[in-house]
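Chemist: Here it is: the structure, laid out below.
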Amino acid sequence: MQLNDTKRCSCGCHDAPLLVLEGKQAVALVVLLIVSCAVLFATGYMVGKKVALDTFTQEMSEQSFADRLHHSMTMLYGAGSAPSEKESNDAHAATDQVSHEAEKEPSVTIPAAHYCAQLARLSNAGAAQQLVDRLQKRGIKTTIVKRINTYKTRDGKTVKTPWYAVSTAQYPTQHEVEALVSSIKLTENLTKVRIIKV
């Protein structure tokens with residue numbers, strides 16, 4: 001790079017010498033600009049991926065908690081027989097009336113911990129149902145819980161994708177669940193089985 005005193009501005013508005021780049025210097029400057037833009041793009045891309053991954057992880061954690069809660073409620077009341085809001089309110093009113101008449105404090109029992117296994121998380125409802133059908137033929141009680149994963153794309157669109165969790169029934173000990181999972185793995189190709197304390 002050199003300053004050339006013989007060339008002046010073409011508009012003639014000032015007499016300062018122009019900056020003249022030679023061929024190799026111009027190529028080096030263009031390469032430097034391209035590399036800088038690529039690094040800037042890659043950095044922005046990675047930061048965006050990290051934010052999306054953090055959001056996805058948080059949502060999955062919340063959905064996992066909701067899944068465990070739903071599973072335990074389903075196992076506690078049975079499928080489709082959970083008390084309605086009216087029945088629940090009537091039961092609370094009757095309990096309050098009896099406790100006032102007897103002037104005794106109601107006793108609260110805390111259920112013992114139970115364990116179940118989330119056998120698979122599938123994106124296809126048909127595949128989840130096929131797994132449940134195969135396990136039911138072997139006498140293994142399982143349930144399917146549909147979950148919706150919601151996330152935003154880079155252009156701001158909200159995308160909802162369903163997934164299906166296949167879980168076993170609840171058992172009183174973790175050892176029983178582990179033994180059941182071991183027997184299931186003999187015939188099913190399950191890789192990401194999670195044992196959940198409910």
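Chemist: Just checking, which of Val177, Val145 is in a helix (DSSP H, G or I) and not small (Gly, Ala, Ser)? Spell out the reasoning first.
Modeler: Numbers: Val145 fails: in a helix (DSSP H, G or I).
Among Val177, Val145, only Val177 is in a helix (DSSP H, G or I) and not small (Gly, Ala, Ser).
Chemist: Would you check if Gln136 is modelled with pLDDT of 90 or more, surrounded by 14 or more Cβ atoms within 10 Å (Cβ to Cβ) and closer than 17 Å to Glu188 by Cβ?
Modeler: Details: modelled with pLDDT of 90 or more: yes; surrounded by 14 or more Cβ atoms within 10 Å (Cβ to Cβ): no; closer than 17 Å to Glu188 by Cβ: yes.
Criteria not met by Gln136.
Chemist: Need pairs with beta-carbon distance below 8 Å; first residue modelled with pLDDT under 80 and within region 29-58, second surrounded by 10 or more Cβ atoms within 10 Å (Cβ to Cβ) and part of a helix (DSSP H, G or I); sequence gap 6+ or separate chains.
Modeler: none
Chemist: Could you check region 150-170 and list, in sequence order, the residues that are under 25 Å from Ala127 (Cβ atoms), part of a strand (DSSP E or B) and either at pLDDT 85 or above or aliphatic (A, V, I, L, M) (or both)?
Modeler: From region 150-170, those under 25 Å from Ala127 (Cβ atoms) are 150-151, 159-170; that's our starting set.
Restricting the remaining residues to those that are part of a strand (DSSP E or B) gives 150-151, 159-168.
Once the filter is applied, which keeps residues that are under 25 Å from Ala127 (Cβ atoms), part of a strand (DSSP E or B) and either at pLDDT 85 or above or aliphatic (A, V, I, L, M) (or both), region 150-170 yields Thr150, Val159, Lys160, Thr161, Pro162, Trp163, Tyr164, Ala165, Val166, Ser167, Thr168.
Chemist: If you check Ala112 against the conditions, is it more than 28 Å from Val51 (Cβ to Cβ), in contact with a Leu (Cβ under 8 Å, 6 or more places away or on another chain) and either at pLDDT below 90 or small (Gly, Ala, Ser) (or both)?
Modeler: Working: more than 28 Å from Val51 (Cβ to Cβ): yes; in contact with a Leu (Cβ under 8 Å, 6 or more places away or on another chain): no; either at pLDDT below 90 or small (Gly, Ala, Ser) (or both): yes.
So Ala112 fails the test.
Chemist: Please verify whether Ile184 is surrounded by fewer than 18 Cβ atoms within 10 Å (Cβ to Cβ) and β-branched (Val, Ile, Thr), treating the condition exactly as stated. Explain how you work it out, then say what you get.
Modeler: Numbers: surrounded by fewer than 18 Cβ atoms within 10 Å (Cβ to Cβ): no; β-branched (Val, Ile, Thr): yes.
So Ile184 does not fit the description; no.
Chemist: Could I ask something else about it? Checking the structure you have, find out if any residue of region 68-82 is at pLDDT 80 or above, closer than 30 Å to Ile195 by Cβ and among the polar types (S, T, N, Q). Before the answer, list the steps.
Modeler: Taking region 68-82 first, the residues at pLDDT 80 or above are none.
Checked region 68-82: no residue is at pLDDT 80 or above, closer than 30 Å to Ile195 by Cβ and among the polar types (S, T, N, Q).
Chemist: Could you pull out the residue among Thr153, Thr158, Thr191, Thr142 that is touching a Leu at 6+ places or on another chain (Cβ under 6 Å) and of a type outside the set (D, E, K, R)? Break it down stepwise before answering.
Modeler: Values: Thr153 fails: touching a Leu at 6+ places or on another chain (Cβ under 6 Å); Thr158 fails: touching a Leu at 6+ places or on another chain (Cβ under 6 Å); Thr191 fails: touching a Leu at 6+ places or on another chain (Cβ under 6 Å).
Going through Thr153, Thr158, Thr191, Thr142 in turn, just one is touching a Leu at 6+ places or on another chain (Cβ under 6 Å) and of a type outside the set (D, E, K, R): Thr142.
Chemist: Can you find even one residue in region 5-23 that is at pLDDT 80 or above and exposed (fewer than 10 other Cβ atoms within 10 Å of the Cβ)? Full working, then the answer.
Modeler: At the first step, the residues of region 5-23 found to be at pLDDT 80 or above are 22-23.
Applying the additional criterion that residues be exposed (fewer than 10 other Cβ atoms within 10 Å of the Cβ) yields 23.
Looking for residues that are at pLDDT 80 or above and exposed (fewer than 10 other Cβ atoms within 10 Å of the Cβ), one finds at least one in region 5-23, hence yes.
The values are calculated or read from the model by the stated rules, or taken from the named source; none is laboratory data. The model shown is predicted, which means the values in this text are computed figures rather than measured ones. Using ideal geometry, Cβ is built from the backbone for each residue, glycine included, and neighbour counts are taken over all protein chains shown.
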